[in-house]
Amino acid sequence: MAAVDTALPTRRGKKATVGLPGQNDVNPHGLRWWRELGWRHVVTWGALAFAFIPILYVVSSSLNPTGSLTGSNTLFSSISFDNYVDLLTDPVHPYARWFWNTLMIASVTALGTVMIGAAAAYAFSRFRFRGRRGGLLSLLLVQMFPQMLAYVAIFLLLVTLKDVFPAIGLGTRLGLILVYLGGALGVNTYLMYGFFNTVPRELDEAAKIDGASHAQIFFTIILRLVAPILAVVGLLSFVGVFSDFLIASVVLVDPNSQTLPVGLYQFVSQRFSEYWGVFAAGAVLAAIPVVLLFQFLQRYIVSGLTAGSVKG
Amino acid sequence: MTDTSTRPTTRTPSGSAPPARAARTSWWGRQDITRGFWVKLALVALVDALGVYGVLAAGAQKQWGIVAFLVVALVAVNVVYFSKRMLPAKYLVPGLLFLLVYQVFVVLYTGYTAFTNYGDGHNSTQADAVEAILVQNEARLPDSPAYPLTVISDGDQLGFAVVDGDGAAQMGTAEEPLHPVDAPIENGHVASVNGWITLSFNDILEQQAEVFALRVPISQDPNDGSLRTPDGSTAYVYGSTMVWDEEAQTITDTSRDIVYTADQDKGAFVSPIGAQLGTGWKVRVGLDNFTTVFTDSSLRGPFVGVLIWTFAFAILSVATTFAFGLFMAIVLNHPKVRGRKIYRSLLIVPYAFPAFLTALVWQGMLNRDFGFVNQTLLGGAHIPWLTDPWLAKISVLVVNLWLGFPYMFLICTGALQSIPSELYEAGKIDGAKPWRLFRSLTMPLLLVSTAPLLIASFAFNFNNFNVIYLLTEGGPDDLSAPVDVGATDILITFVYRLAFGGVNRQYGLACAVSILIFAIVASISAATFRKTRALEDLI
């Protein structure tokens, strides 16, 4: 991963762009400009069209008062907020509940994942103990078995747990959060472990000499220095949970406790074309928190992504 | 490194040895009374309280596996957090506990289930199966006397109170077989039972579904049959046409005179000519689920097709997203392109859009008759993007390209910028043309740094449930296939169909396919990681 770490675009910037092919000191004109730069703009506009048509389309559909799939085909032909009103007042599909459930489940999971992962990464990075190497390797192995592959077993486990701990059994949001937290260690420890290693050990040593305990070093020194990776892991875990359909659909059955992916999927699968506008409104609202988070944390994400994660 | 370090007063250079020795005299003396300690004590106490509650609850349910796990976990937590040593464990235990239950255990349980016939018709013990079979085949006995009935309730459950042939009152509930009770009889019916409420006719109408479904066993022996009511005022004896013989382990269908014998290998009752009763029980079936996948002619064809498409989908997804992402990265990797920064931040917008929404939105856009692509972009065409087997495959790939290229664009941009420009200078001096520079310089260097990410992307797309399921649900379904399977089904959506899709849920088979998926992904990842040496760099 070392090779990848050095590739952070944010840390590079100016130095790397010096002397790339085709560069000279005079700005080109005419045909030369076209051959060197002009086509790049055209290609980029093409890619932007590909990237933005679905987004413009869903925003336009959500504002279209006809609300049907056919009616949405002319972009921004008319604008009204009827769909949003319908969405939030539909008694059968409690959208506001879904939104709240998703935010709550995703936030708690993200927070828990960050804490669990950071603690484990600290142990692996700062202590030398028997089974350390074996532990890291087994984590790598375990994380290759994606949790979602085991959803049949998760379902059966939660059915059993329902009798013993009803609060974390099948159909409960807390139960779902705990399931997600079970996958927290395997996936994120590596990402964090690499970053923890970049924090100089001398800092710990100095603090230790000043009389700080291992817990104080962890909570007050290390956690602050690794804030960027905490943000990235938190965000990735938030987005992963936010988008998860499979496990959420297996665990949560009652409409009132469902999450956005499960709920919105029902919208589309049950009454597809007539209720398209309402679905589009729901999709736009659902996208807002994630897009906002990405904007706020964009700087960190670029470096975190290049350090080896995949969108979930 | 020890907790004593939080107490600066004991760390005077001259007096450090004697106080430490003195402190070792008692357990309490060894604990440092700091704020952190109280927090720790409170947290561990909370965990202990929950754990003890769990032990009691699980014990009451006779879930001995959970009891054993909780006891071990509680001991481990207390030892780790009150010991002066085991520092790494203090940081690893919370994550490990979750990992053990929700990852390691479920993986092992998946493995175990893969060796059973768990599924619809095989989901419980043999005793439950016998009872279910007898109940399913109950019918009103032709010679049954009519018992005057009073329906009673204690708030939670319903019960029957009847007047038997001798004029005596008897009562029972679904759990409690019929037994004599001391109760007044008026007009030939039991008037009331102590501690129970007598339901009026209107009450019965309100709960008629429950009343008609209630069966009160005549005795502990399921062969004796039960009392049921078709009208709420008279009860009749219902007997099963099936007779269970525990000694011989057989069930006899008395109406047709067929003897079904318990077959512990199949977990079902089987007649001499091989017919099975619909309800069976869970047994271990060895490698049957795995061999079924490859040998059962109705499964093998679909499975191989799905397997090939899964590989094609994963490889093509990585290839197309990487090619497009890299292409855009190169296009924008020219210092004189105006607005590069804006272009870059706009291009990664699809990445911030939640994947499940993307799939659903594209599902609408690609709709054959009303979708945006056909109606607006293609001027009223009727191309079956999602309902033709091949077009659906292409559509899935295009949607996944939309989702995945920003990520590849990001990492390629980063990797391109990390290639030292001197290398290009040297190449140009040697007379290399741009294509040659790209092929011999850019690509090799780029692949070195992105290879681990490409493998991760492959593994991710191999199990990319969301895109497939939310876009096409694996369809269009292949109606000629003997099992439930569609043209865009990848392994994980195929498993989902096996486990939760149709009428016949086959958990055991689904788990077996899960294990196969794991084996494939793990061996490919392990082989390539080894090759890229990413692992050695890491540890």
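Here, each number is a calculation from the coordinates, and none is a lab measurement. From a predicted model like this one, the values you see are computed outputs, not experimental measurements. We place every Cβ from the backbone using ideal geometry, glycine too, and count neighbours over all the protein chains shown.
Which whole-angstrom value gives the distance between the alpha carbon centres of region B:51-70 and region A:33-81? Value for the Cα centre distance between the two parts: 57 Å.
Estimated at 0.36 nm per residue, the fully extended path between B:Glu176 and B:Glu206 surpasses their Cα-Cα distance by 8.4 nm.
What shape does region A:174-224 have by the C-alpha gyration tensor, where a ≥ b ≥ c are the square roots of the eigenvalues, rounded means a/c under 1.5, and otherwise prolate means a/b greater than b/c and oblate the rest? Spell out each step's value before the answer.
Numbers: a/c = 4.60, a/b = 2.04, b/c = 2.26.
Oblate, since a/c reaches 1.5 and b/c is not below a/b.
Per residue of A:52-61, other chain Cβ atoms within 10 Å of the residue Cβ number 5 on average. Taking every residue in B:407-419 and counting other chain Cβ atoms within 10 Å of its Cβ, the average works out to 6. Just so you know, the averaged projected area of the alpha carbon convex hull for chain A sits at 23.2 nm². In terms of overall dimensions, the C-alpha atoms belonging to region B:294-429 reach 61, 44, 27 Å along their principal axes, ordered largest to smallest. Arranged from fewest to most other beta-carbon atoms within 10 Å of their beta carbon, A:Trp98, B:Trp38, A:Trp34 become B:Trp38, A:Trp34, A:Trp98. With all projection directions averaged, the alpha carbon convex hull of region B:29-126 covers 8.3 nm².
Compactness ratio for region A:92-138: Cα radius of gyration over 2.2 N^0.38 Å (N = residue count) comes to 1.86.
The share of C-alpha pairs in region B:39-82 whose separation exceeds 13 Å stands at 51 percent.
Please label the shape of region B:179-223 as rounded, prolate or oblate, based on the square roots a ≥ b ≥ c of the eigenvalues of the alpha-carbon gyration tensor (a/c under 1.5 means rounded; beyond that, a/b larger than b/c means prolate, else oblate). Oblate is the answer for region B:179-223, as a/c is 1.5 or above yet b/c matches or exceeds a/b. Taking a span of 18 Å or more along the helix axis (Cα atoms) and a mean Kyte-Doolittle hydropathy of at least -0.5 as the rule, the DSSP H helices of chain A that qualify are A:39-63, A:95-126, A:132-144, A:151-164, A:184-197, A:227-243, A:276-306. Binning the alpha carbon pair distances of region A:136-201 at 5 angstrom intervals from zero yields the distribution 4, 16, 20, 17, 14, 12, 8, 5, 3, 1, expressed in whole percent.
Please arrange B:Thr173, B:Thr488, A:Thr189 by counting, for each residue, the other beta carbons lying within 10 Å of its beta carbon, fewest first.
B:Thr173, B:Thr488, A:Thr189
Computed log10 I(q)/I(0) for region B:295-538 at 0.10, 0.11, 0.14, 0.15 Å⁻¹: -0.60, -0.71, -1.02, -1.11, from the Debye equation with unit scatterers placed on every C-alpha and solvent omitted.
If each Cα of chain B is one equal point scatterer, what is log10 of I(q)/I(0) from the Debye formula at q = 0.07, 0.09 Å⁻¹? After summing over all Cα pairs, the log10 values are -0.76, -1.03.
Among the helices of chain B, those built from whole DSSP H runs whose Cα atoms reach 20 Å or more along their own axis and whose mean Kyte-Doolittle hydropathy is at least 1.6 are B:64-82, B:297-331, B:443-462. This ranking places A:Val179, A:Val152 by how few other beta-carbon atoms lie within 10 Å of each, fewest first, which gives A:Val179, A:Val152. Rounded to whole Å, the principal axis extents of the Cα atoms in region B:163-283 read 54, 31, 26, largest first. Take the Kirkwood radius over Cα pairs of region B:269-340, plug it into Stokes-Einstein at 37 °C and 0.692 mPa s, and you get 187 µm²/s for translational diffusion. Computed over the Cα atoms of the protein assembly as shown, pair by distinct pair, the Kirkwood hydrodynamic radius stands at 31.5 angstrom. Distance between the C-alpha centres of region A:139-196 and region B:219-243: 46 Å, rounded to the whole angstrom.
Taking every alpha-carbon pair under 8 Å whose residues sit at least 6 apart, chain A reaches a relative contact order of 31 percent. Protection proxy ranking, highest mean first, for peptides B:202-210, B:450-458: B:450-458, B:202-210, where packing is the per-residue count of other beta-carbon atoms within 10 Å, averaged. For the peptides A:54-62, B:355-363, B:382-390, the ranking by packing is B:355-363, A:54-62, B:382-390, with the highest mean count of neighbouring Cβ atoms within 10 Å listed first. Checked against a 22 Å cut-off, the cross-linked pairs B:Lys40/B:Lys84; A:Lys162/B:Lys40; B:Lys62/B:Lys266 give Cα-Cα distances beyond that limit for A:Lys162/B:Lys40; B:Lys62/B:Lys266.
Per residue of B:422-430, other chain Cβ atoms within 10 Å of the residue Cβ number 1 on average. Binning all Cα-Cα separations of region A:103-258 at 5 Å, short to long from zero, yields these whole-percent fractions: 1, 9, 17, 18, 17, 13, 10, 8, 4, 2, 0, 0.
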